[in-house]
1. Quote to one decimal, in nm, the extra length available between Gln32 and Leu115 on full extension: 0.36 nm per residue of separation minus the C-alpha distance between them.
2. Multiplying the sequence separation of Glu49 and Thr95 by 0.36 nm and subtracting their Cα-Cα distance, what value in nm do you get?
3. Report the local net charge at Asp127: Lys and Arg +1, Asp and Glu -1, summed over other residues whose C-beta lies under 15 Å from its C-beta.
4. Of the cross-linked pairs Lys24/Lys113; Lys38/Lys132; Lys82/Lys113; Lys24/Lys82, which ones have a Cα-Cα span greater than 18 Å in the structure shown?
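Since every read-out is calculated from the coordinates, none of them should be taken as a lab result. Predicted, not measured: the structure shown is a model, and the values here were computed from it. Cβ placement follows ideal geometry from the backbone for every residue including glycine, while neighbour counts extend to all protein chains displayed.
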Amino acid sequence: MPQNAPKKNQQFQSKNKSKITDSKKLIEVIAQGLIEKKAEDITVLDVHELTTLTDCFVVCHATTDVQIKAIADSVVVNTKKKLDEGPWQQEGRDTRRWVILDYVNVVVHIFRKDLREHYALERIWSDAEVTKIENN
């Protein structure tokens, strides 16, 4: 398989031929950033068979807007430092109620707890394979 070809269970490949786009590795590094800043109820939804939007959603929540900012910053710094990857798009960093970090293959949703319950992504994507990440 060519170095930049999509992996199994992955729809997208990197435009940068020197990078290996690997959703699993990206999720591991994202999870480290989430755990470092005490994100709660970290859930990975594998949606690659359900949509062409992305391969996976990583969903978590926090209790304060300050914590939401710290979590988002941690994810961005970790992915840049460890994988030389930055988000393709970012939304909600100013309001800090629901931050979206779009890495194309993986989209990270960092909610305030009440908004996570309201928007219920896990219920909307209930056909997705679900993996819980423990905050040890």
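1. Extra length available between Gln32 and Leu115 comes to 27.6 nm.
2. 13.4 nm
3. -4
4. Lys24/Lys113; Lys82/Lys113
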